[in-house]
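First the structure, in the form of structure tokens, and then the observations on it.
The values are calculated or read from the model by the stated rules, or taken from the named source; none is laboratory data. Note that the structure is predicted; figures quoted are calculated from it, not measured. Cβ coordinates were reconstructed from backbone atoms using ideal geometry, including for glycine residues, and neighbour counts include every protein chain displayed.
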Amino acid sequence: MRVTTPAFVLRRVRWSESSLILTLYSLDFGRISGMAKGALRPKSKFYGQLEMLSLTELSLSRKEGREIDTVTGAGTVKSHQKLRTDPLAYAHACLFSEWMMGMVWGSEPSQPVFHLVDNTLDALEESGSGWPVLCAAVERLLRLSGLAMQLDRCSSCRREEVEGPERVGWRPGLGGVVCPDCLSEGGTVPRGLVGFLRRARQTPLDRISRTRLWPGGFRQCHDLLREFAENHLGTALKLNSLKVLEDLENA
Ligand SMILES: [Zn+2]
């Protein structure tokens, strides 16, 4: 079956001298894998059309029961050139890609997830500060994956008053924030993190980049999101770009 669909390139793995296996998030088929034969040859029709994080209009040959589709055509719609040439923005975008690969399985298409990828990459490309955009985007991804965090009332007794003066009870296994009475086991998180996540839900991604937290605050927020996701997925996420980001930030 020959099909076309817009798709984002989330990962490129070199398969042979000249071929690539791509992990893509497509509008019409959700997450898919595609083999692009000869893509690394300068004279290939794919050359420059399947760059990391680009949005491409993809033509595919799909066969029932086959895990990897064959890419038969590609034309860049958004190259995200600026994203790929700014090391910090690129590392944030790659980290988001890794979140996508950890959270999105199967080939169920989802327009909201597709638009989330689009908005996130645009916002990371345009904003000078990647962390708030990344954290807000991951919070959205969790919700779209059915893992919404409870941020407004106690996850256990449903009471609405959860805030301490500086810290808020947090039990990821129960779903999110808890009131002081339900905190018997579990830890607390800074109030500012819960406040940021609440605000992030109401704010478009291109505006959240102006938000500020204390030094290291967004990194704490990312750890919180990761712990929450891993708790509910029952498995560890592979987020290799985090190390790259740390090295860049400490350079
Ligand atoms: Zn409670």
Notebook entry, point to check: In the stretch 117-148, what residues are more than 16 Å from the chain's Cα centre (by Cα) and not small (Gly, Ala, Ser)?
Noted result: GLU126
Note to self: Can you find, within the stretch 180-191, the residue that is surrounded by the most Cβ atoms within 10 Å (Cβ to Cβ) among those that are more than 22 Å from GLY234 (Cβ to Cβ) and more than 9 Å from the ligand (Cβ to nearest atom)?
What the structure shows: PRO190
Notebook entry, point to check: Quick check: is even one residue across the stretch 76-91 more than 22 Å from the chain's Cα centre (by Cα), at pLDDT 95 or above and buried (at least 17 other Cβ atoms within 10 Å of the Cβ)?
Noted result: no
Checklist line | Failed criterion for ALA236 (all others in (1) over 26 Å from ASP122 (Cα atoms); (2) surrounded by 14 or more Cβ atoms within 10 Å (Cβ to Cβ); (3) modelled with pLDDT of 95 or more hold) | finding: (2)
Note to self: Just to verify a result, which residue in the stretch 145-179, among those that are hydrophobic (A, V, I, L, M, F, W, C) and closer than 17 Å to ASN231 by Cα, is nearest to the ligand (Cβ to nearest atom)?
What the structure shows: VAL178
Notebook entry, point to check: Just wondering, is there one or more residues in the stretch 203-220 that are surrounded by 15 or more Cβ atoms within 10 Å (Cβ to Cβ), in contact (Cβ under 8 Å) with a residue 12 or more places away in the chain, within 12 Å of the ligand (Cβ to nearest atom) and among the basic types (Lys, Arg)?
Noted result: no
